[in-house]
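Heads up: the structure comes next, in structure tokens.
Read-outs: derived from the displayed coordinates by stated rules, not from any lab. It should be emphasised that the depicted structure is a prediction, and the values quoted were computed from it without experimental measurement. When we count neighbours, we look across all protein chains shown, and the Cβ atoms used for this are built from the backbone with ideal geometry, even at glycine.
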Amino acid sequence: MLGYIRPTGRSTMRFTPIALLALACALPAAAQYPAERPLTILAGYPAGGQVDIVARLLAEGMRGKFPKGVLVANRTGAGGAVAAAEVATGKPDGYTVVLAPLSTLVIQPQILDLRFKTPDDYEPVINVVSYYPLLVVKPDAPWKTAQDFVAEARSNAGKFRVGSPGEGTSSHLNLEEFMHVTNVKLTHVPYRGWGESSPALLGGHIEALVAQPGEAKPMVDGKRMRALVVFQNSRHPAFPDTPTAKELGWNVANGVWFLLVAPKGTPAPVLRHIHDAAKAAIEEKKFTDAMEQRGVDVDYRPGDPLRGELWQEYRAHTEILKRIGMIKQ
């Protein structure tokens, strides 16, 4: 309790120097936010990949709202879960957040022993972009269509190797669903990101790759890769000649979101400041143009309803993970 002196006959309060010092110390950290130090955005995947690219563009657009600047730090491993766990259980002062893909938040906690388990264990701040993966092969691959690829893979069960950004990612689960609906056995080869998986495909170490549109688009445009099928509900404008899985009779369309997440218990005014800065950043033409060039959709969703959407995805992925044996029934 703070002490004060109330002189007899007066209704006003006069604080002693000691009481004033105690009051100053008791003020919440949010009162000084964001002037104390830079904001750090963790990216859970290697430099050059989609998460890293989006994080750096986002940081550039947010810098004007943070006097000390905005930094991006790469913390790779466990399908982005290393970075997410560091933030989810970190100090809730608003100075460290993570740009996390949906899979990091709703898949990895169900298959790994992490310091966070469900969407209630962190603070969703804002969703910034979304996209749907696609299946690509080398330009000189003998399969001209997805049907050709499936037909030959079916007659060579388990011999076709298909890469992904990592086990338990949305790309991986799209591959598992693809195998399920086409009744074909493929060998999944997980990598730590595009920086590892794309050279593996170009070098002939794998036959195909489930890729992110923003990463694959320059390769497809440059005739260094060929897209066979996109895993979404409608054709992607960046790949207008590539059919969707649903067009071919295969119900596969698991999307990927990128959202900013803060530690549990971060004060509401701090979350609001981060949200507003990020929202302004993704509305800038430089950001929207960069995302369009990479085949990624700007997909604004505020934090309040985002937690409910994360829970819906969490439960939907539980069913898939059970079916493929990644978690026990």
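Please give the helix 268-282 orientation as an angle from the longest Cα principal axis of the chain, in degrees from 0 to 90, rounded to the nearest 10.
40 degrees
Subtract the Cα-Cα distance of Thr40 and Asn156 from 0.36 nm times their separation in residues, and report this length gain in nm to one decimal.
37.0 nm
What longest region of the chain stays clear of chymotrypsin sites (Phe, Trp or Tyr not before Pro) that DSSP places outside H, G, I, E and B and that have at most 14 other Cβ atoms within 10 Å?
Longest stretch, sites excluded: 16-329.
Where in the stretch 193-217 does the label zone of Asp140 land, with the point 7 angstrom along Cα→C-beta and an amide N cut-off under 17 Å?
Zone members listed by number: 199-208.
How much of the DSSP bridge set in the chain is antiparallel, in percent, rounded to the nearest 5?
Counting DSSP beta bridges with both partners in the chain, the antiparallel share is about 60 percent.
Compute a Gaussian network model of the chain, connecting alpha carbons closer than 10 Å, and tell me which residue from Gly61, Gly90, Gly308 fluctuates the most.
Gly308
Consider a paramagnetic label point 7 Å from the Cα of Ile327 along Cα→Cβ; state which residues of the stretch 112-132 have an amide N under 19 Å from it.
Answer for this model: 112-124.
Work out how much length Val181 to Lys285 would gain on full extension: take 0.36 nm times their residue separation and subtract the Cα-Cα distance, in nm to one decimal.
Going from the current span to full extension adds 33.5 nm.
Name the long-range amide H neighbours of Val189: under 5 Å, sequence gap of 5 or more, or other chain; modelled H, no Pro or chain starts.
Val162, Gly163, Ser164
Between Lys65 and Glu292, how high is the FRET efficiency from 1/(1 + (r/R0)^6) when r is the Cβ-Cβ distance and R₀ = 25 Å? Nearest 0.05.
Given R0 = 25 Å and the Cβ-Cβ separation, E is 0.55.
Hey, with R₀ at 45 Å, roughly what FRET efficiency would His188 and Lys91 work out to, going by the Cβ-Cβ distance, to 0.05?
Calculated value: 0.75.
Taking θ as phi - 60°, what are the ³J(HN,Hα) couplings along the stretch 255-260 by the Karplus curve (6.51, -1.76, 1.60), each to the nearest whole Hz, with x for Gly and Pro?
x, 10, 10, 10, 9, 7
To two decimal places, what compactness ratio does the stretch 109-243 give when its Cα radius of gyration is scaled by 2.2 N^0.38 Å?
Normalised Rg, Cα atoms only: 1.10.
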